Amino acid sequence: MLRHAILAAACLASLTARADWMETRDPLAAPVRPADGATVEQTPPDFSWPDASKDAKYTLNLTYPDGRTRSMAAPQNYANWSEQLPAGRYSWFVVKGNEKSDVRSFTVGPKAKPFVAPDMKELLAKVKAKPHPRGLPDAATLKKMAEQRPEGVTKLSREVTGRMRSPLPEQPNTGSPNADNNRVYEETKRTMNALAAYALLKDDRYYEEALRRVKNMAAWDPNGTTAYTRHGVNMGARTMTYALVLGYDWLHPKLDASTKQLLLNTIKVRLAHMDKDVIGERSRVATHPRDSHAQLSATMLGMMATLVAGDIPEADGWAQGAVPLAINLTQPWGGEDGGFSNGTPYALWDTGDLQPHWYVLRWATGVDFAQKAWVRNYGRFLAYFNPPGTPARLFGDGHEQAQLVEQSARFGKGYTWFAPSPLGRWYASKLSGEEAMRFEYIMPPPDSGGAAPFPAGTPNSLYLPTTGWVAMHSSLEDEKRVSVYFKSSPPPHGAFAHQHADQNSFVVNAGGKRLAIESGYYDGYKTRHWWNWLKQTRAKNAITYDGGKGQIFFEATDYKEMGYGRITRFES
């Protein structure tokens, strides 16, 4: 008995010694990146790992192909390595206190493209030395943009002119956060239209209209019904704050001192609310990155902080916390291959929301998200999983919604102009029906546009390993194609948020028609229909048992389990 006890204790000690503190049972935790054994397409790759505790401190250790090792203190459970890594095989581990994680390896391939995050002190010194407006391209580029978008500029001019004599809305106070949010969105859209018209046309009438609307929103109580709160009007509030910051920056040369102070006073309060929510003393979005609201808020906060750096003392700290995290995350719903696990409708909405902020950050700071691996490869996701002529979207909430045809065109073209590629140019050239006066379409820099050839040698099938999605087309180039889509998502991209319990399911379209469909409709998040049909396996082309029982999903397991899949082999 004693010998058995000693053996058991020895086995337990051995297991304890081999345990890796990076292993976690939290399905929402930040993933380990780069994955062990991966060949990365970005140099340096993005590093992240699960956050062990609220007070954990980390040191990232990287061993180079020649055997030397460098160490870097991490701001939290992520790190942006400070130099481009040459092609070769690397190993890395993270130390937490006295605990060392398992050693993992990755390879920088010969085709990996560089993206080195900026030194934030140098970046902030550069933007502070830059006069306002910072968040616009130069005058010659703006002139070309207006000339290239005549239809959109004409519509924009009519829209703004037609509202010049309309009364300004009072601060929303309906008693319903959703209703208040919608009213904030509508007034923000009108304000953004006026700002874009002035930026493109430099007409004093548009300056006065933009100023009128910006000052009106600035007078709304930043701690009142339009305040940024996690469970309130956070989406409308952050978008309104964005309009106020652009108003301050774009109109700055003509603003008087009292108006500048009015804007800075409310911007300061509103950005502080955003920082407290997503960054603070320990960033919740770094700990749990698959949070669409928080991830976008972090990117917006970082961008806006650079526009007011030097004018608001706290802006330096906000930018130093948010910009590196936004760069590291870029898109937590997918990996370097450009996938997006949260469904193609939210792929369009999320990246459509991000486009203006990526553009402004590029103009203001030179930080170019178009060089990030996920952004570069996202064009493949669009072309294969939302191809021209497709009758519906795929694998998530909103797949059936008709208005996505317009948004596919607007966001697809806006993305392609931001991060152009031969496949992306072909894709964008086949899209139509966009609202030509919206920011995502009218404000991107000049592009050749027009027809673009289908790139020779482009395969008709695509497998995205990080999200477990497959698209198989008879001919990707042909809008009358037959298409078969398959999904089986590995961790961490399980049945959560706007993804459904649909691992190992398929969709078949042919000739622009839906044949083997995902059923249901998106009437809202967590409605009765969402819970009882749309989210369920039985609404898909997938296996159920005992009269319709299907896979688990996160929300139905008391937020404890996901429900994953895995593709073990793919051949085209």
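Among 195, 132, 377, pick out the residue whose Cα is farthest towards the positive end of the charge dipole of the chain, where Lys and Arg carry +1 and Asp and Glu carry -1 on C-beta, about the Cα centre. So the residue we want is 377. To the nearest ten degrees, helix 373-385 and the longest principal axis of the Cα atoms of the chain are 90 degrees apart. Based on every Cα atom in the range 512-571, Rg and the maximum pairwise Cα distance Dmax equal 13.6, 40 Å. Surface analysis of the chain yields an accessible area of 43 Å² per residue, using protein heavy atoms and a 1.4 Å probe.
Phi angles across the range 473-481 convert, under the Karplus curve 6.51 cos²θ - 1.76 cosθ + 1.60 with θ = phi - 60°, into 3J(HN,Hα) values of 10, 4, 7, 4, 5, 8, 5, 8, 4 Hz, Gly and Pro given as x.
Semi-axis lengths, largest first, of the ellipsoid equivalent to the range 107-193 are 37, 23, 17 Å, with √(5λ) applied to each eigenvalue of the Cα gyration tensor. Per-peptide packing, taken as the mean over residues of other Cβ atoms within 10 Å, places 287-300, 333-346, 514-527 in the sequence 333-346, 287-300, 514-527 from highest down. When mean projected area of the Cα convex hull in nm² is computed from the coordinates, the matching label among [x] 33.2; [y] 24.9; [z] 30.2 is [z].
Rounded, prolate or oblate: which fits the range 345-465 when a ≥ b ≥ c are the square roots of the eigenvalues of the alpha-carbon gyration tensor, with rounded for a/c under 1.5 and prolate only if a/b beats b/c? Don't skip to the end; give the middle numbers.
Details: a/c = 1.38, a/b = 1.21, b/c = 1.14.
In terms of gyration-tensor shape, rounded.
Considering only 428, 495, 349, whose Cα is most displaced toward the positive end of the charge dipole of the chain, charges sitting on Cβ of Lys, Arg (+1) and Asp, Glu (-1)? Value: 428. Among the listed pairs 189/540; 189/480; 113/413; 121/189, those with a Cα-Cα distance over 26 Å are 189/540; 189/480; 121/189.
Using alpha-carbon pairs under 8 Å, 6+ residues apart, how would you state the relative contact order of the chain in percent?
Working: 1039 pairs, mean separation 64.8, N = 572.
Here the relative contact order equals 11 percent.
Here the chain carries DSSP beta bridges of which approximately 90% are antiparallel, counting only pairs with both residues inside. The phi torsions of the range 440-445, fed into the Karplus equation with coefficients 6.51, -1.76 and 1.60 and a -60° offset, translate into couplings of 4, 9, 8, 8, x, x Hz, rounded to whole numbers, with Gly and Pro shown as x.
Quick one: putting +1 on the C-beta of Lys and Arg, -1 on the C-beta of Asp and Glu, what dipole do you get for the range 467-518 around its Cα centre, in Debye to the nearest 20?
Numbers: 5 positive and 5 negative charges, 20 e Å.
Once rounded to the nearest 20, the dipole reads 100 debye.
Here the range 426-532 is treated as a Stokes sphere of Kirkwood radius computed over C-alpha pairs; at 10 °C and 1.306 mPa s its diffusion coefficient rounds to 93 µm²/s. Proximity of backbone amide H atoms, modeled 1.01 Å from N, is registered between residue 515 and 508, 509, 510 at under 5 Å, excluding neighbours fewer than 5 places apart on the same chain. The lysines whose alpha-carbon is closer than 18 Å to the alpha-carbon of residue 57, local same-chain residues fewer than 8 away aside, are 96, 100.
Counting only protein heavy atoms and a 1.4 Å probe, tell me what percentage of the chain's accessible area is made up of carbon and sulfur.
Details: 12900 of 24320 Å².
Of the solvent-accessible surface of the chain, carbon and sulfur hold 53 percent.
Per residue, the convex hull spanned by the Cα atoms of the range 24-127 measures out at 129 cubic angstrom. Taking Cα atoms, how many degrees apart are the long axis of helix 404-418 and the longest axis of the chain, rounded to 10 and kept between 0 and 90? So the helix axis and the longest Cα principal axis differ by about 90 degrees.
Could you work out the helix-only [θ] at 222 nm for the chain, with each DSSP H run of four or more residues adding -39,500 (n - 2.57) and the total divided by the number of residues, to the nearest 500 deg cm²/dmol? Could the numbers behind the result be given before it?
Values: 16 runs with 226 residues, N = 572.
Rounded to the nearest 500, the figure is -13000 deg cm²/dmol.
Give the aspartates and glutamates whose C-alpha is closer than 17 Å to that of residue 487, dropping any in the same chain fewer than 8 places away, or say none. Cross-link targets: 337, 397, 502, 518, 571.
For the range 318-476, the relative contact order comes to 26 percent (Cα pairs under 8 Å, sequence separation of at least 6). In the chain, the longest principal axis of the Cα atoms and the axis of helix 257-278 are about 20 degrees apart. Averaging the sequence gap over all C-alpha pairs within less than 8 Å and six or more residues apart, then dividing by the number of residues, gives the range 136-278 a relative contact order of 25 percent. Using alpha-carbon positions, what is the distance between the centroids of the range 289-363 and the range 202-240, in Å? Here the answer is 20 Å between Cα centres.
The values are calculated or read from the model by the stated rules, or taken from the named source; none is laboratory data. Owing to the predicted nature of the structure, the values given are computational and were not obtained by experimental measurement. Every residue, glycine among them, receives a Cβ derived from its backbone with ideal geometry; neighbour counts consider all protein chains shown. With ligands, DNA and RNA removed, areas are computed over all heavy atoms of the protein, side chains included. Shrake-Rupley method; radii C 1.70, N 1.55, O 1.52, S 1.80 Å.
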